[in-house]
Amino acid sequence: MALRAVLAGVTGSVIGIAAYSISQTGGQRLSIIVGCLIGVAVALGLELYRRSAQLTEVRLVLLGNEMSFTTKTDMRQAAQRMFFQAATRVATRPLEDGSGNLREALTSLKTLFDLYREPLEGHTTPPPPAKGDSVYELALDILNFELAPFLAKWHPSLRDFEDRHPDQDESEWPQNAAFRAELRQLQERLRPYVIGLGEIAGIRDPERHLRPSGRSTQTHSTVPHQDGVRTGPQE
């Protein structure tokens with residue numbers, strides 16, 4: 001609002017000066033020149049306002065470290081893509097004991113890893129901002145500190161079991177319970193990262209999309225309860 005008021009005042013002053021000058025000279029050429037200048041000034045003012053209005057500062061504390069993001073349209077769009085990519089996968093969706101498929105879970109995590117890594121290696125990735133942090137730095141931390149170590153440990157382990165026992169179900173894998181336990185730990189560690197991506201993207205209350213659905217526990221009612229439990233997308 002303050003910026004609008006300033007721009008309106010400046011524009012009004014320019015128009016007033018131009019009108020006075022034209023009235024004194026009566027020159028057609030001067031009228032055209034002043035009109036062009038006013039048009040340029042208004043266009044530049046509107047562009048300045050549009051850009052400044054899109055700047056939002058978001059502060060996150062992850063693993064004890066504070067990160068600051070001065071978000072613009074391109075950063076918010078990138079964060080939104082990353083949020084949706086994680087919010088619809090096993091990276092944030094629960095995998096209850098005795099349900100799901102572990103190979104598919106690992107494949108989903110590997111796909112998320114590739115989706116996050118692709119823009120980091122592309123030529124179109126914007127340079128780091130002059131002030132604050134970049135959403136791509138956040139993605140790099142997710143890759144290096146969370147997804148990569150988990151995949152490096154469990155992908156070859158499950159692959160070895162599948163190669164040695166091609167006719168056995170993965171439920172007979174001796175490390176089945178350990179894998180599920182560590183997957184839950186990974187999900188808890190990824191959760192603040194993904195919520196942070198949602199906040200950078202400007203999503204209202206991003207945490208609500210990551211809460212487990214209560215529908216599986218509603219055995220006596222065909223109508224979902226609206227008692228404060230929020231549901232998220234399924235994997």
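The values are calculated or read from the model by the stated rules, or taken from the named source; none is laboratory data. Just so it is clear, the structure is predicted and the values come from calculations on it, not from any experiment. Reconstructed Cβ throughout: ideal geometry from the backbone, glycine too, with neighbour counts over all protein chains shown. In case anyone asks, the SASA skips ligands and DNA or RNA and just uses the protein heavy atoms, side chains included. Shrake-Rupley method; radii C 1.70, N 1.55, O 1.52, S 1.80 Å.
Computed quantities for the displayed model
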| read-out | value |
| --- | --- |
| Filtered residues of the range 53-72 (kept if open to solvent by 50 Å² or more (accessible area, probe 1.4 Å) and either among the β-branched types (Val, Ile, Thr) or at pLDDT below 65 (or both)) | Ala53, Gln54, Leu55, Thr56, Val61 |
| Filter pass, Ala91 being small (Gly, Ala, Ser), out of contact with any Cys (no Cβ under 8 Å at 6 or more places or on another chain), modelled with pLDDT of 90 or more and part of a loop (DSSP other than H, G, I, E, B) | yes |
| Top-ranked residue of the range 119-145 - restricted to ones that are assigned to a helix (DSSP H, G or I) and over 17 Å from the mean Cα position of the chain (by Cα), ranked as nearest to Gln80 (Cα to Cα) | Glu121 |
| Failed item, numbered, when Tyr116 is tested on (1) without any contact (Cβ under 8 Å) to a residue 60 or more places away in the chain; (2) open to solvent by 50 Å² or more (accessible area, probe 1.4 Å); (3) within 26 Å of the chain's Cα centre (by Cα) | (2) |
| Index of the failed condition, Leu183 passing every other in (1) more than 23 Å from Phe69 (Cβ to Cβ); (2) at pLDDT 95 or above; (3) surrounded by fewer than 16 Cβ atoms within 10 Å (Cβ to Cβ) | (3) |
| Tally, over the range 133-163, of residues that are closer than 15 Å to Leu197 by Cα and either open to solvent by 50 Å² or more (accessible area, probe 1.4 Å) or out of contact with any Gly (no Cβ under 7 Å at 6 or more places or on another chain) (or both) | 10 |
| Within the range 178-215, tally of residues that are farther than 20 Å from Asp74 by Cβ and either in a loop (DSSP other than H, G, I, E, B) or aromatic (Phe, Trp, Tyr) (or both) | 7 |
